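The values are calculated or read from the model by the stated rules, or taken from the named source; none is laboratory data. This one's a predicted model, so the numbers in the text were calculated from it and none came from an experiment. Cβ: placed from backbone, ideal geometry, glycine included. Neighbour counts: every protein chain shown. Accessible surface is based on the protein model in full, side chains and every heavy atom, while ligands, DNA and RNA are left aside. Shrake-Rupley method; radii C 1.70, N 1.55, O 1.52, S 1.80 Å.
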Amino acid sequence: MNVDMLLGLGLALVLTVILMPLFIPLLKRMKFGQSIREEGPQSHMKKTGTPTMGGLVFLISIIATTIIVAMIADLLTSEVWVLLLVLLGFGLIGFLDDFIKVVLKRNLGLTSLQKLVAQIVISVISFFLLSGVDFDTALIIPFTSISIELSGLYVLFIIFWLVGFSNAVNLTDGLDGLVAGTASIAFIAFGVLALHQDEMGIALFTFSVAGALLGFLVFNKYPAKVFMGDTGSLALGGALAMVSILLKQEFLLLVIGIVFVIETLSVILQVGSFKLRKKRIFKMSPIHHHFELVGWSEWKVVTVFWLVGLVAALIVVLLEVM
């Protein structure tokens, strides 16, 4: 691995580990505690009051690390700025949602429409920024020579991809360490693909994200001392989708991010089944709660899901790099 990548990963990890112990007491003093929904597993009620919005810390670490190391290594490209814009933009949407829930005590946060409009705006802005650097607007089918040129319609794909995956990661964020682990695996996998394509700026960003998440995992693993909140999960999902777009490996995200895909499909199937048949497929959705309710410990669910994500990522990387 390139020295710059190791520096990005290491610096982001160290910054997060240093900042988080300072941030958690501040969240507690400000009473920024998580509210646990009553319809969720009863075992989760003990998590009520655990500080949330911890995503702020790893977002600061990612942005600072990426900019500092990119400036040193002369890797501050337009693609890196777009990634930082998406990370910050979706993070801001999540922050507003968390702030309304936690501070203003409005349990639903932003409305679905408000959140969607804001996500679309960030997605469209990123498309126009990419248009200015002669970005390839074709969709490439993995492991084939087939490509589908979308031209101006690519903006619709960007909207669908960023909104879809930001919400998919958000749905997955329901167990201690689940998203921090699966997302770090996904970003490392795309980092390896970026190195293989000699996209060093994108690779630096992905390894910086992975380092920050590994640092966050120290405090977010079971039993969690802090949650990332929508601030972190929406930002991670949007950034992960944009990485796949910039590398022209959009559809590989469906495999590398298979845990996020399965979690989302479980919600869609559950809602669809109940509306059409008045019957539930799972004991509860997203599917990680189903496994809890059939008797798996929270830690077992998380480690199995990490393993699924790791195996999927390894398969993709080996097929692409070898």
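Eigenvalues of the alpha-carbon gyration tensor of region 224-322, scaled by 5 and square-rooted, set the equivalent ellipsoid semi-axes at 26, 17, 16 angstrom, largest first.
Think of region 75-212 as a dipole: +1 on every Lys or Arg Cβ, -1 on every Asp or Glu Cβ, centred on the Cα centre; then among Ala118, Ala183, Ser131, Ala118 lies furthest on the positive end. Charged side chains reduced to their Cβ positions (Lys and Arg at +1, Asp and Glu at -1) give the chain a dipole of some 1800 debye around its Cα centre.
Per-peptide packing, taken as the mean over residues of other Cβ atoms within 10 Å, places 176-186, 88-98, 62-72 in the sequence 176-186, 88-98, 62-72 from highest down.
The P(r) of region 135-278 has a tail past 20 Å containing 51 percent of all C-alpha pairs. If every alpha-carbon in the chain counts as one equal scatterer, what log10 I(q)/I(0) does Debye give at q = 0.08, 0.13, 0.15 1/Å? Computed log10 I(q)/I(0) values: -0.34, -0.94, -1.27. Calculated accessible area for the chain comes out at 44 Å² per residue, all protein chains present (probe 1.4 Å; ligands, DNA, RNA ignored).
Fully extending the segment from Ile268 to Val3, taken as 0.36 nm per residue of separation minus the present Cα-Cα distance, adds 91.1 nm. With the helix formula -39500 (n - 2.57) applied to DSSP H stretches of n ≥ 4, the chain reaches a computed 222 nm mean residue ellipticity of -23500 deg cm²/dmol. Given a cut-off of 13 Å, what percent of all Cα-Cα pairs of region 50-109 lie beyond it? Summing the P(r) tail past 13 Å for region 50-109 gives 66 percent. Share of carbon and sulfur in the accessible area of region 77-149 stands at 71%, probe radius 1.4 Å.
For Lys105, the solvent-accessible surface computed with a 1.4 Å probe is close to 140 Å², ligands and nucleic acids excluded. In plain terms, the chain from Lys283 to Ile146 could stretch by 45.2 nm, reckoned as 0.36 nm per residue minus the Cα-Cα distance. Here, P(r) means the percent of Cα pairs in each 10 Å bin from 0 to the largest distance; for region 118-173 it is 22, 43, 29, 5.
Net charge dipole, region 60-166: roughly 640 debye, given to the nearest 20, about the Cα centre with Cβ charges of +1 for Lys and Arg and -1 for Asp and Glu. The eigenvalues of the Cα gyration tensor, multiplied by 5 and square-rooted, give region 234-286 an equivalent ellipsoid with semi-axes of 29, 10, 9 Å from largest to smallest.
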